[in-house]
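To start, the structure itself, in structure tokens.
The values are calculated or read from the model by the stated rules, or taken from the named source; none is laboratory data. In this text, all values refer to a predicted model and were calculated from it rather than measured experimentally. Here the Cβ positions follow ideal geometry from the backbone for every residue, glycine too, while neighbour counts run over all protein chains shown.
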Amino acid sequence: MTAKQAAKPSTFTSSFDWHAYASQLGALGVLIVICVIFALIEPAFLSSRNLFNVLRQVSIYGLLALGMTFVILTGGIDLSVGSLLALSGLVAAAVYKGGTGLLSAGTAGQAEGFGLPAAIGAAIAVGLIGGLLQGTAVSRLKVPPFIVTLGGLTAFRGAALLFSGGQPISTFTDEYKFWGQGMIGPVPVPVIIFLSFAVLAFIVLRYTRYGRRVYAVGGNPEAARLSGLNVQNITLSVYVITGFFAGLSGFLLSSRLNSAEQVAGVGYELTVIAGVVIGGTSLFGGEGGIFGTVIGILLIGVLSNGLTLMNVSPYYQQILVGLIIVFAVYLDQLIKRRRR
């Protein structure tokens, strides 16, 4: 053994890279550790009722995060998902009940509108139109995604207020509420919807030509263009996908709460972006995936639930999520620098 070889163990010990270790552990490992800690501190955490409650709570965030993953993979961002969710939910409720004037009083519980399929279709249509408008501004007009969707955040919220007259639309029939409150066996319906779309999105990104193109655009848009890809259309499509999930989530949230409100979805965009980034999707595009997004959203949901069971103030919870976002982005940049 040479002197150089003998020195290797001590060199490794003195220069242990905890950043690399943390990145290898990954969001899944962190989620498992947090679950174990909460289970030891609060036994009620592992009850089936509480676990399904966590899944139900994160299902809306999760659907939005699926769409956000597509956008961030291209190097974009969408700050408008919460506002678009609110507008979509109000439109769905109005279509189902036959107008915005049917609020919580009188015969509001009776469906007098155009039925459930029309309500779901209207919510998704609103989301698709919103996504199409923003995607066109980003891909065709070359306005930065941050600016476009920041404007969308305000514009869609204003449209929700204008559409509803500042009033909620509430008290639906059991048919409508089933999609947000119902169960299929022991599993909440929103959870089944979320996991089904998560599997579909995973397949699309991992195994289809379109998914490879999304990664290519995020990795290097100019190289993707020179290789023959229609970068504009791909960029446009990811905002339409996000709009679809915002519309669907708007309907599901109104169903779950038994009320469509103009203030629904406030702050959702930050939680969704946090879940995507924590799950390993790079804010600079080209890296990440659906599996990590699901883990990231679950991690945030578990943190919130566990801290609530421990009677920790929600104000501290928001601070913690903010710190996690900063750390996740820092870790992402650190890994990129080390690779170079």
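Some values worked out for this structure:
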read-out: Subset of region 256-268 [at negative phi and surrounded by 24 or more Cβ atoms within 10 Å (Cβ to Cβ)]; value: Ala260, Gln262, Ala264
read-out: Out of Val204, Val238, sole residue that is in contact (Cβ under 8 Å) with a residue 60 or more places away in the chain and either assigned to a helix (DSSP H, G or I) or out of contact with any helix residue (DSSP H, G or I) (no Cβ under 7 Å at 6 or more places or on another chain) (or both); value: Val238
read-out: Residues (outside any helix (DSSP H, G or I) and touching a residue at least 24 places away in the same chain (Cβ under 8 Å)) located in region 115-150; value: Arg140
read-out: Number of the exception - Leu28 against (1) at pLDDT below 90; (2) within 19 Å of the chain's Cα centre (by Cα); (3) closer than 30 Å to Ala86 by Cβ; value: (3)
read-out: Residues (of a type in the set (Val, Ile, Thr) and buried (at least 23 other Cβ atoms within 10 Å of the Cβ)) located in region 274-300; value: Val276, Val277, Ile278, Thr281, Ile290, Thr293, Val294, Ile297, Ile300
read-out: Helices (runs of 4 or more DSSP H) fully within region 244-340 counting 3 or more residues that are out of contact with any strand residue (DSSP E or B) (no Cβ under 9 Å at 6 or more places or on another chain) and small (Gly, Ala, Ser); value: 290-309
read-out: Leading residue by the ranking (farthest from the chain's Cα centre (by Cα)) among those in region 217-230 that are in contact (Cβ under 8 Å) with a residue 24 or more places away in the chain and surrounded by 20 or more Cβ atoms within 10 Å (Cβ to Cβ); value: Val217
read-out: Qualifying position, being at positive phi and in contact (Cβ under 8 Å) with a residue 40 or more places away in the chain, among Gly296, Gly280, Gly301; value: Gly280
read-out: Residues within region 134-151 that are surrounded by fewer than 20 Cβ atoms within 10 Å (Cβ to Cβ) and not hydroxyl-bearing (Ser, Thr, Tyr), tallied; value: 9
read-out: From the options Val238, Val199, residue that is modelled with pLDDT of 95 or more and more than 17 Å from Pro144 (Cα to Cα); value: Val199
read-out: From Thr154, Thr107, Thr100, residue being among the β-branched types (Val, Ile, Thr), surrounded by fewer than 17 Cβ atoms within 10 Å (Cβ to Cβ), at pLDDT below 95 and at negative phi; value: Thr107
read-out: Qualifying positions in region 46-72 - under 13 Å from the mean Cα position of the chain (by Cα) and either among the polar types (S, T, N, Q) or over 16 Å from Leu252 (Cβ atoms) (or both); value: Gln57, Ser59, Met68, Thr69, Phe70, Val71, Ile72
read-out: Flag for Leu51 being of a type in the set (A, V, I, L, M) and over 20 Å from Val238 (Cβ atoms); value: yes
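Table: residues versus (1) modelled with pLDDT under 90; (2) under 23 Å from Gly322 (Cβ atoms).
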| position | (1), (2) |
| --- | --- |
| Phe244 | no, no |
| Arg256 | no, no |
| Ser259 | no, no |
| Gly265 | no, yes |
| Val272 | no, yes |
| Val277 | yes, yes |
| Gly286 | yes, no |
